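Just below is one structure, and these are the notes that go with it.
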Amino acid sequence: PHLRNNCVTTQFPFQENEIKLLTAEIERLKNFGCLGVSPSLEGLRDENAKLKYRLNFLQKSLQEERSKTAKSMININSCLQEIFGAAIQAAYPDLENPPLVVTPSQQPKFGDYQCNSAMAISQILLKTKEQKVSPREIAEKIAKNIPANECIEKVEIAGPGFINVHLRKDFVSKQLSSLLMNGVQPPAIAKRKKVVVDFSSPNIAKEMHVGHLRSTIIGESMCRLFEFAGHDVLRLNHLGDWGTQFGMLIAHLQDKFPDYLTVSPPIADLQAFYKESKRRFDTEEEFKKRAYQCVVLLQSKDPDFIKAWELICDVSRKELQKIYDCLDITLIDRGESFYHDMMKDIVKEFEDKGFVQVDDGRKVVFVPGFPVPLTIMKSDGGYTYDTSDLAALKHRLCEEKGDILIYVVDSGQSVHLQTVFAAGQMIGWYDPKVTRVAHAVFGVVLGEDKKKFKTRSGDTVRLMDLLEEGLKRAMDKLKDKERDKVVLTAEELKAAQTSVAFGCIKYADLSHNRLNDYVFSFDKMLDDRGNTAAYLLYAFTRIRAIARLANIDEQMLRKAAREEVLVLDHEKEWKLGKCILRFPEILQKMLEDLLLHTLCDYLYELATTFTEFYDNCYCVEKDRQSGQIVKVNMWRLLLCEATAAIMAKGFDILGIKPVQRM
């Protein structure tokens, strides 16, 4: 079909079957001498000339696609699953969807990976076919049907039916060389998807506090993960920028700064401004009435009230941006106000399809399986959070054409969001088998007393205060180690302070399973021992320094990567090499379950595996008397570089900025 159309409409990247078809067609037409070079479509009148042009385009695209695929890192676990899937299919062709379990081995004596499918297949044969076959016999049959491949050296049957897999060293060496030459590349994806991530989402006119920390950090990292994997990511900040509270804010603004339309009001402390207006709203009846009138005028788009609303939003956004700049967060503001004009149509759509019931003047929608209905219109004709969330869901699905929607919102919103998602399915906006809509829930931040993190006076901790405290403590830590005296310049010290402070705050959050609450402790997160950012950042700078101290520059390393064979004879070299190549497996797991602590655990394992390697394998050999370098083991330096490259990409996904010197 691609070849017959007058223009190329294929989706990128090409699917595997498309690549085969295009390759075959290009080869066939080459044989007929049909492939020429044509600079443009102008003047191409006959079909043959157009065909030549299109095929040249396709050939070039195919070459680019192949080049990209050749540079992609291989997911070894996925490769082994394909191999064992084929072996099981050949051994037991009558089994439908047989279990396929391939995992890295926990101990070297059990090989590098294990296929543990035999036990489950034994149970299936017994239940469905009444055949009693021992798992070991099944394992042997699977092993005999393993197809020819480039990665398995040998397999061994152990215990009741475990298949221990030993990888070929030349295969691992080749993959490491590819990594060094091409850089850390994501595994090839079947299709580039549109991913919409809703995260951070503070309220206008209120300062960000520690409760916003998790959504902001987790959401940013998820965006970086999907972007690195090759997807098109839309980062949305669903700001609370509309609603009743703006009536009281505008009324207060009019009283405090009557000339606000011509002179920008100096609202230095927006939080104090909000608290003062809230106090008046709760205690002054006349002010309360005027606040409600302001809401009506705002929602009717009165120019003066829109101006007041915009002023408040602008002041608030500037304060929010200071936080985002500190944490290196990128977002597109798309608050509740963005969806306001769509809400009328949302209500009508649910009414037209017969889903709306009237309850005491309210228009509600009951969703099967959920006890509490969605209120899509209040008795006074106003809209609710339910309406705006439904409007946002529809816009992301139908206008943005999102293939994957991720809401990074605290666990307290679980029932509400699941009800909204179910309503979207019920009305036909999406099919969960085609489109993934996920609530990435997370627990709360606790203080060291295991209660909600508060100041000593019991107030919520301002996020900016928290970040400034982190900077202070990071500098104290660096000065305790006397890094300011001889090791680092003033500029390097400042860079190290920022890297450690914000890196530790992010890592402390991301290294915990997001489903659980976690205890916020500066002392623990700044500890340079154990699974902390401080330890990993320091380990990274040490690894980067090895080649520099051996007077080996980047050009020499690139040349070595092209020419050297990575010898993996020492058990610690082998262990490190395999650990490095597990990176694509880690990425794949996170893309599926959205649990980012898996990457933190992996980076810590990689750093400790590197330490074992470095303690046992000399990278640079020196004369004991003079300290002069007598030998550089280049293949080991390349292992150092591969480790650092993976760590750097891991840090990037986590939103952590390492430094070259610490």
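The values are calculated or read from the model by the stated rules, or taken from the named source; none is laboratory data. A quick note: this is a predicted structure, and the numbers were derived from the prediction, not measured. Backbone-built Cβ (ideal geometry, glycine too); neighbour counts: all protein chains shown. Surface accessibility is based on the protein's heavy atoms, side chains included, excluding ligands, DNA and RNA. Shrake-Rupley method; radii C 1.70, N 1.55, O 1.52, S 1.80 Å.
Annotations
- What the phi angles of region 193-200 give under the Karplus curve with 6.51, -1.76 and 1.60, with θ = phi - 60°, is a coupling list of 10, 8, 10, 10, 10, 9, 8, 6 Hz, glycine and proline written as x.
- Apportionment of accessible area to carbon and sulfur, the chain, percent (1.4 Å): 50
- Taken about its Cα centre, region 77-167 carries a charge dipole of roughly 300 debye when the Cβ of each Lys and Arg holds +1 and the Cβ of each Asp and Glu holds -1.
- Overall form of region 463-654 per C-alpha gyration tensor (a/c, 1.5; a/b vs b/c): oblate
- Charge dipole of the chain (Cα centre as origin; +1 on each Lys and Arg Cβ, -1 on each Asp and Glu Cβ, all else neutral): 1300 debye, rounded to the nearest 20.
- Against the chain, whose longest principal axis comes from its Cα atoms, helix 414-426 is set at around 80 degrees.
- Pairs beyond 28 Å (Cα-Cα), from Lys589/Lys649; Lys71/Lys575; Lys394/Lys649; Lys322/Lys657; Lys524/Lys572; Lys322/Lys452: Lys394/Lys649; Lys524/Lys572
- Whichever lysines have a C-alpha closer than 18 Å to that of Lys278, once near sequence neighbours (fewer than 8 apart) are set aside: Lys206, Lys256, Lys288, Lys289
- Mean residue ellipticity at 222 nm, helices only, the chain: -17000 deg cm²/dmol; runs of at least 4 DSSP H residues each add -39,500 (n - 2.57), and the sum is divided by the number of residues.
- Straight-distance crosslink candidates among lysines, where the alpha carbon sits under 26 Å from Lys141 and sequence neighbours closer than 8 are dropped: Lys109, Lys127, Lys129, Lys132, Lys154, Lys169
- Accessible solvent surface per residue of region 463-654, calculated while the other protein chains remain in place, 1.4 angstrom probe, Å²: 46
- The chain: angle of helix 533-549 to the longest principal axis, Cα-based, in degrees nearest 10: 40
- For region 82-222, accessible area per residue (1.4 Å probe, heavy atoms of protein chains only), Å²: 47
- Proximal charge balance of Pro98 [Cβ under 15 Å; K/R count +1, D/E count -1]: 0
- Here the dipole of region 232-278 is about 120 debye; that uses its Cα centre as origin and unit charges on the Cβ of Lys and Arg (positive) and Asp and Glu (negative).
- Angle of helix 490-510 to the longest C-alpha principal axis of the chain, folded into 0 to 90 degrees and rounded to 10: 90°.
- Scanning residues 5 or more positions from Val233 or on other chains, those with amide H under 5 Å from its amide H are Val195, with H placed 1.01 Å from N in the peptide plane.
- Under 5 Å, built H, 5+ apart or other chain: amide partners of Asp333: Asn237
- Calculated accessible area for region 244-330 comes out at 54 Å² per residue, all protein chains present (probe 1.4 Å; ligands, DNA, RNA ignored).
- Residues of type aspartates and glutamates that Lys578 reaches as a straight line, Cα spacing below 15 Å, ignoring anything fewer than 8 places off in the same chain: Asp112, Glu153, Asp170, Asp569, Glu605, Glu612, Glu641
- For Val437, the residues whose amide H sits under 5 Å from its own are Leu405, ignoring neighbours fewer than 5 places away on the same chain, with H placed 1.01 Å from N.
- Cα shape, region 270-399, gyration tensor, a/c 1.5 rule: oblate
- Evaluating 6.51 cos²θ - 1.76 cosθ + 1.60 at θ = phi - 60° for every residue in region 511-527, the Karplus couplings come out as 7, 9, 4, 4, 5, 9, 5, 9, 8, 8, 9, 4, 4, 6, 6, 8, 5 Hz, glycine and proline recorded as x.
- Prolate/oblate/rounded label for region 488-575 (Cα gyration tensor, a/c 1.5): oblate
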